[in-house]
Structure formats: structure tokens, C-alpha cells
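This report concerns only the one structure given below.
The values are calculated or read from the model by the stated rules, or taken from the named source; none is laboratory data. Note that this is a predicted model, so its numbers are computed, not measured. Positions of Cβ are generated from backbone atoms using ideal geometry, with glycine treated the same way; all protein chains shown enter the neighbour counts. These area figures cover heavy atoms from the full protein model, side chains too; ligands, DNA and RNA do not enter into them. Shrake-Rupley method; radii C 1.70, N 1.55, O 1.52, S 1.80 Å.
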Amino acid sequence: MNKFTGTYTALVTPFKNGKIDEPAFERLIKFQIKGGVDGIVPVGTTGESPTLDYDEHVRVIALAVKYAGGKIKVLAGTGANSTSEAIYLTQQAQKVGADGSLQVAPYYNKPTQQGLFQHFHAIARATKLPIVLYSIPGRCGIEIAVDTVNQLVHDSVNIVGIKEAGGSVDRVSQLRAALGSSFTILSGDDALTLAFLAAGAQGVVSVASNFMPYEIVQLVRAYRRGKAAMALKLHDKYYKLFRDLFLETNPLGVKAALAMMNLVHEEFRLPLVPMSPKNRETLRATLKACGILKHAEAKTAQRS
């Protein structure tokens, strides 16, 4: 089974005039490849998956596979709060060539832990793709318990990892103690990546790497290669940006940043709307202070 370690970018889904902006999506993925990421995660939380219909959802995954061209892995977001929907999307992702599936905990339903087990068990049985679970209780209202993760891993050989977005470093230690180093744990929070790595995580599904892939790759690689001081220096340099990126609901901040860098249009589908002017200016100032926006603006000037 594939191991999904290193830096994975939780890609935005670019829109233009209400439609998926396929040229912008291609540019973004090429930017990721150039930045050295290990993989991309299309149609997850950051990709506004709840606002895409089935055909669009599968289309975005297919485009991600096409544009990645085998150079980086595609871990497709195919989770849902309906088990049958999650199975359908996962099987379609398999058909179009995704390397794996990211499966978020069912949201809104608030199933029991037995319900979570049966949900992920059914999905795992319906696909040959390796599966990375996704625990984000702040959005889903429930946490995938460590015991449930342990039960699932021993039940289904294609459940290979978890994206942890609950903000708890202690949970990383609990998962590591229960499942050992062969089970992949990925940080789901840019601000906690370094702390999670120190506790035994093997990478990150990053939002910030949409617009700064090289820098996130360097942070993760530095720590994993034993250069903790270098990783800490990078963390300190970009920590305020990691925080300001989430002044409003994700992906409002990351799309604003990408638009400032002329990589995508700042367009959303309702109920999401652009950042407030005040928070946008705060984010812009932080991007400039970190050197990210200044570098991008210089490149734009050179092209023109």
C-alpha cells in the first residue's frame, strides 16, 4: 500500500464566472510540482467540496490526476456524510487514477463510534485505493477515537493513515503508541506541523503550501532529516502567516492570498464569501512581512 508522507497540498478549487477554472487549476498544480510537494489533495475542505456536484467533484479529481502527470501523488478527497455517496466518489476516484482517498468523518450526522467504524469499513471494502482517514471534530462535530482508528487499521489493510486536524499533539502520541510507525499520521494544521512532527507525525496536509509550497516542503524535510533547528527557524518565520491565514473560515484566506499572487480569481460559491477588507489587509501585510507576497509581486513585474 502507498504511504502518504511528506508535504501534501490541500488544493483550492479555482472558480471563474461560476465554473471550475481549469487553466488556473493546471497552473496551480504545476506550481506545486515545481515547489517539490509530495502530493496534492483535491476536493477536500479547502477545495470547497460541499459546493461541487458529483460530476464536478469527479472532474476535479480527474484533472488533478491529469495535471499531476505521475510526478506527484493525488490523494483525492472523497469523503461524505452519506456512506453510499462516499463509496461512489471513491470508486470514481479510483477509475480516474487517483493514488489514494482522503475520508473525512461523516459530518452533521454525529454517528456513534460503531457507526464510524461501519462507515469506513464499508468504504474500505468497496475500493482498492489506500485510504487516509480525516479527523476534524471542529467541522464534523465528532472525533474518530483512537480505539476506532486502531480497530479499522486491523480490519482493513488499505486504511494506511490519518490526517489529524483536532489540534491535539497528545493524540499524535496516542495514535503512535497504538499503531506504531508504519501507520502514517499527517498534520492537518500548518501552525502545528512542527509540533506534530516532533510527536511522530510524518508530514502535513497543508493549506499554506497552495501559495508557498517550497517553504512548507523545506520545513517538513528539514525536521525529517534531523535538522530540527532549521525547521524551527522556518516555523518561527511563518508562524504568524499560518495563524492569519485562518482569520476567517478556510479557504477564504488562502484564496485571498492566491489572488494577491495572481494565481487564481478570488471567487467562491455561496454560502462562502470573500474575506472582510480589514482581515484581507491584515493578511496582505503578513504575507509581505514574511517575504511571500513581495517575492510574488517581483515575479509578476518581471513577467510584465
*For the stretch 1-113, with all protein chains present and a 1.4 Å probe, just round the carbon and sulfur fraction of the accessible area to a whole percent.*
49
*asked:* With the cut-off at 23 Å, tell me which of the pairs Lys16/Lys71; Lys73/Lys233; Lys240/Lys294 have Cα atoms farther apart than that.
replied: Lys16/Lys71; Lys73/Lys233
*Rounded to the nearest 5, what % of the DSSP beta bridges within the chain are antiparallel ones?*
5
_Largest to smallest principal axis extent of the C-alpha atoms in the stretch 74-155, angstrom_ = 32, 26, 20
*Full-stretch length increase - Ala198, Lys240 - with 0.36 nm per residue and alpha-carbon distance subtracted*: 13.1 nm
*Each label point is 7 Å from the Cα along the Cα-to-Cβ direction; what then is the distance between the points at Tyr214 and Glu281, in nm?*
3.1
*Provide His57, His265 ordered by accessible surface of protein heavy atoms (probe 1.4 Å), highest first.*
His265, His57
*Accessible surface ranking that places the most exposed of Ser209, Ser84, Ser276 first, with a 1.4 angstrom probe*: Ser84, Ser276, Ser209
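On a full-extension model of 0.36 nm per residue, what is the gain between Ser182 and Lys110, subtracting their alpha-carbon distance, rounded to one decimal in nm?
23.0 nm
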*Sequence of Arg269, Arg243, Arg171 from largest to smallest accessible area, 1.4 Å probe*: Arg243, Arg269, Arg171
_How long are the semi-axes of the equivalent ellipsoid of the stretch 102-256, taking √(5λ) for every eigenvalue λ of the Cα gyration tensor, in whole Å from largest down?_
27, 18, 13
*Using a simple spin-label model with points 7 Å from Cα along the Cα→Cβ vector, what separation in nm is obtained for Lys233 and Glu85?*
4.7
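In µm²/s, what is D for the stretch 204-302 at 25 °C and 0.890 mPa s, where D = kT/(6 pi eta Rh) by Stokes-Einstein and Rh is the Kirkwood radius from Cα pairs? Walk me through the intermediate numbers first.
Numbers: Rh = 14.1 Å.
Translational diffusion coefficient: 174 µm²/s.
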*Could you give the length gained on full extension between Asp170 and Lys16, defined as 0.36 nm per residue of separation minus the Cα-Cα distance, in nm?*
51.3 nm
*the stretch 1-87: trypsin sites (Lys or Arg not before Pro) in DSSP coil with no more than 13 other Cβ atoms inside 10 Å*: Lys71
